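First the structure, in the form of structure tokens, and then the observations on it.
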Amino acid sequence: MRTNGQSNGKSNLKMKTAPFDAEAFLNSAGVARTLKDFQKNEALFSQGEPCKNILYIQKGDVKISVVSKTGREAIVGMLGAGDFIGEGGLAGQSRRMATATALMPVSAMLIDNKEMFRMLHTESSFSDRFITYMLHRNVRIEEDLVDQLFNSSEKRLARTLLLLARYGKQDKPRRVLTKISQETLAEMVGTTRSRVNFFMNKFKKLGFIKYSGGLQINASLLSVVLHD
């Protein structure tokens, strides 16, 4: 006769629920969306355009930039596969506040704002996934601001490279980055190209990065960010 604790070999095991697959949901037949491919350097949308839809990036990297009234451009973010972009229209923005440009061939789903609102109201799993994503984005924006205000350009560059390599993401990080110019890195970090070149050479000598089939990022680069 079995004791209560032995009545079932699986009774004490907790059932694990698979994480919600946002892309699989968006690919389902019930979601009205348009699939579109963008070439390298092509704009997904431009600053000042009407906020008609939201995009979900399936493949590729996207640069988010803003141009001031005086014509000065600043890169304010980098997004990749699994990210939503252009969600301002859901918060009442009538015009795009920034320009999104493909840094490489990009595949994305375009979802009309009305359809997005419908899904958020009727699909609780998707709504939870989207809210969680936006909360993480807000935390990331705060961290970026603190990084710009208080950290050295060397630390900012190291953090930018780690973020581009998606370290800290639940999915597998990308150890090899697609080609990204030092000019672009300088704009993202808020420093000069010569400083970026100096630190990249330093990181290479220390074994934090290497160039082999692309830019390879070693997790040891975290030491630069964590060092006081």
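The values are calculated or read from the model by the stated rules, or taken from the named source; none is laboratory data. Every value quoted in this text rests on a predicted model; they were computed, and no experiment measured them. Heads up, the Cβs are rebuilt from the backbone with ideal geometry, glycines too, and the neighbour counts pull from every protein chain shown. Calculation scope for accessible area: heavy atoms of the full protein, side chains included, ligands and nucleic acids excluded. Shrake-Rupley method; radii C 1.70, N 1.55, O 1.52, S 1.80 Å.
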Considering the Cα positions of the range 101-228, please state its Rg to one decimal place and its Dmax as a whole number of Å. 17.5, 53
Extend 7 Å from the Cα of Ser107 along its Cα-to-C-beta direction; within the range 34-58, residues with backbone N under 13 Å of that point are 35-38, 57-58
Where the only charges are on Cβ atoms (+1 Lys, Arg; -1 Asp, Glu), what is the dipole of the range 79-228 about its Cα centre, to the nearest 20 debye? 680
With viscosity set to 0.692 mPa s at 37 °C, what whole-number translational diffusion coefficient in µm²/s follows for the range 95-163 from Stokes-Einstein and a Kirkwood radius over Cα pairs? 216
The chain - mean residue ellipticity at 222 nm from DSSP helices (-39,500 (n - 2.57) per run, n ≥ 4, rounded to 500): -10500 deg cm²/dmol
For the range 54-201, please report how many Lys pairs fall under 17 Å Cα to Cα, leaving out neighbours fewer than 8 apart on the same chain. 4
Computing the accessible area with a 1.4 Å probe over protein heavy atoms, can you report the carbon and sulfur percentage for the range 115-228? 55
Show me the ranking of peptides 114-120, 201-207 by mean Cβ neighbours inside 10 Å, starting with the highest. 114-120, 201-207
Compute the FRET efficiency between Asn201 and Leu226 as 1/(1 + (r/R0)^6), taking r as their Cβ-Cβ distance and R0 = 22 Å, and round to the nearest 0.05. 0.55
Förster-model FRET efficiency, 45 Å R0, Lys59 and Thr192, C-beta, rounded to 0.05: 0.90
If each of Ala32 and Gln216 carries a label point 7 Å out from its Cα toward its Cβ, how far apart are those two points in nm? 4.9
What FRET efficiency comes out for the pair Arg137/Lys52, r = Cβ-Cβ distance, R0 = 22 Å, nearest 0.05? 0.60
Rounded to a whole number of µm²/s, how large is the Stokes-Einstein D of the chain at 25 °C and 0.890 mPa s, given Rh as the Kirkwood radius over C-alpha pairs? 124
